[in-house]
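Worksheet for the structure shown next.
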Amino acid sequence: MAVPALDALLAAGVRGARVFVRADLNVPMRDGGIGDDSRIRASLPTITRLVKAGARVVLASHLGRPKGRPTPALSLRPLAPALARLLDCGVSFSPECIGPRAEAAVAELGPGQVLLLENLRFHPGEEQNDPDFATALAHLADAYVNDAFGTAHRAHASTAGMVPLVPRVAAGDLLRAELDHLRVVREPARPLLAILGGAKVSTKLAVMEALAPHADALAIGGAMTYTFLAAEGLPVGASLVERECLADARRVRTAAERAGRRLLLPSDHVVARAVEAGAERRVVEAIPEGWIGVDIGPRTAAAYAAEARAARTVFWNGPMGVFEIDAFAAGTETVARGVAACRGTSVVGGGDSLAAVNRLGIGARIGHLSTGGGASLEYVQGLVLPGVAALER
Ligand code: 3PG
Ligand code: MG
């Protein structure tokens, strides 16, 4: 079975057809406005092609986690003028995403016009993948395009339930490009280096267990480092440790060793008295009592960056320390520059890693910046994404 491409849908003709586009417009909001519009920009190519082809575009997304209730702070309304500006065409807004009001708004659309629906997650049926809610969404559509890569790991009404109910379906250009680029991590040119950071072993365990035997080297950073150190009986001072994950950390090491792969742990650390800007800090090899690990040390950062430069494929997800605080950002920045200097293919995913890359202005030197955090991790570990599986015809 194959996933139909947008090209095929366009070739068959969409003029005057109601095309429901599930995008991931889950952008960070700041003071009632849009904080970072990367996900909106990434959605534009598919929408533009449909507009040019004369489709009546019904655009849908979630924003945040409103838990099934209308939540004014998570309304998609502010995105309509932003989309209109970026698309250079009128974008109307429907305060309801299903029912008579939404249907009336869709009926008013002319060919080449765009309607943005309110946040899908204002209804509990979206995340519950409720059949009635899925049917109500499908009522708005003659054709369905999924371009929401960042949400493809969720089996929700708009990503899964409604899809079989619409006669013509396709993967959008963003979804397709994401899968093509991330496939490189599943079928890499070797050596493949995976760099995983972030606070918690628990949220990255599945991907670490999948990558430990697959990647030639798996480099660990971020606060989850200290759980790995504790698992090996090394001192961690007052650092964050997930005691319930010690056995998991040991299993990751064993999985790497059995497969003849390398698991890289930091050999030096930036430690501080408190996780605060201005706190007393030091670089150490062994973390002393009363000190908290806040970043990988400079020797480790240089080593990871050198590995990244020499690898033929690099996959990086998750910061190396508390990079929001400048004094603890050096490890993440050095690694980001190393990834950008990789002579092979580099792929970066996850909101924090993207923020670090964007802050350094080196995005153009990265092979692929994924719009999905959780989705990219699930895909590289070989899982089937429900939003992709639903498109197979
Ligand atoms: C994301 O930002 O991770 C995606 O938009 C999916 O959102 P979710 O994690 O709330 O399901
Ligand atoms: Mg998420």
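Readers should treat all values here as calculations from the given coordinates under stated rules, not as data from a laboratory. Not measured: the values here are computed from a predicted model. All Cβ positions, even for glycine, are placed from backbone atoms using ideal geometry, and neighbour counts span all protein chains on display.
Counting the residues of the stretch 116-132 that are of a type in the set (A, V, I, L, M) and assigned to a loop (DSSP other than H, G, I, E, B) gives 0. Kindly establish whether Thr48 is more than 16 Å from ligand 1 (Cβ to nearest atom) and hydroxyl-bearing (Ser, Thr, Tyr). When the stated conditions are applied, Thr48 passes them. Just one residue in the set Arg281, Arg365, Arg309, Arg337 is more than 23 Å from the chain's Cα centre (by Cα), charged (D, E, K, R) and under 25 Å from Leu211 (Cα atoms); that residue is Arg309. When the residues of the stretch 363-381 are filtered to those that are under 18 Å from Ala42 (Cβ atoms) and in a loop (DSSP other than H, G, I, E, B), the one that is nearest to ligand 1 (Cβ to nearest atom) is Gly373. Yes or no: Ala219 farther than 24 Å from Val27 by Cα, touching a Phe, Trp or Tyr at 6+ places or on another chain (Cβ under 7 Å) and not in a loop (DSSP other than H, G, I, E, B)? It is true that Ala219 is farther than 24 Å from Val27 by Cα, touching a Phe, Trp or Tyr at 6+ places or on another chain (Cβ under 7 Å) and not in a loop (DSSP other than H, G, I, E, B).
Of all residues in the stretch 131-151, those satisfying the criterion of being of a type in the set (Asp, Glu) and more than 16 Å from ligand 1 (Cβ to nearest atom) are Asp132, Asp142.
Pairs linking a residue in the stretch 158-170 that is crowded, with 20+ Cβ neighbours inside 10 Å to a residue that is charged (D, E, K, R), with Cβ atoms under 7 Å and 6 or more positions apart or on different chains, are Ser158/Arg22; Ser158/Glu126; Thr159/Arg22; Val169/Arg393. Tell me, please, whether a residue that is away from ligand 1 (no atom under 16 Å from the Cβ) and out of contact with any strand residue (DSSP E or B) (no Cβ under 7 Å at 6 or more places or on another chain) can be found in the stretch 343-352. Yes.
Among the residues of the stretch 102-135, those identified as over 23 Å from Ala152 (Cα atoms) and either touching a Lys or Arg at 6+ places or on another chain (Cβ under 7 Å) or not acidic (Asp, Glu) (or both) are Ala102, Ala104, Ala105, Val106, Ala107, Leu109, Gly110, Pro111, Gly112, Gln113. Applying the criterion of being part of a helix (DSSP H, G or I) and more than 16 Å from ligand 1 (Cβ to nearest atom) to the residues of the stretch 152-166, the residue that is nearest to Leu120 (Cα to Cα) is Val163. Scanning the stretch 104-159 for residues that are aliphatic (A, V, I, L, M), within 16 Å of ligand 2 (Cβ to nearest atom) and within 24 Å of Val51 (Cα to Cα) gives Leu120, Ala148, Ala152.
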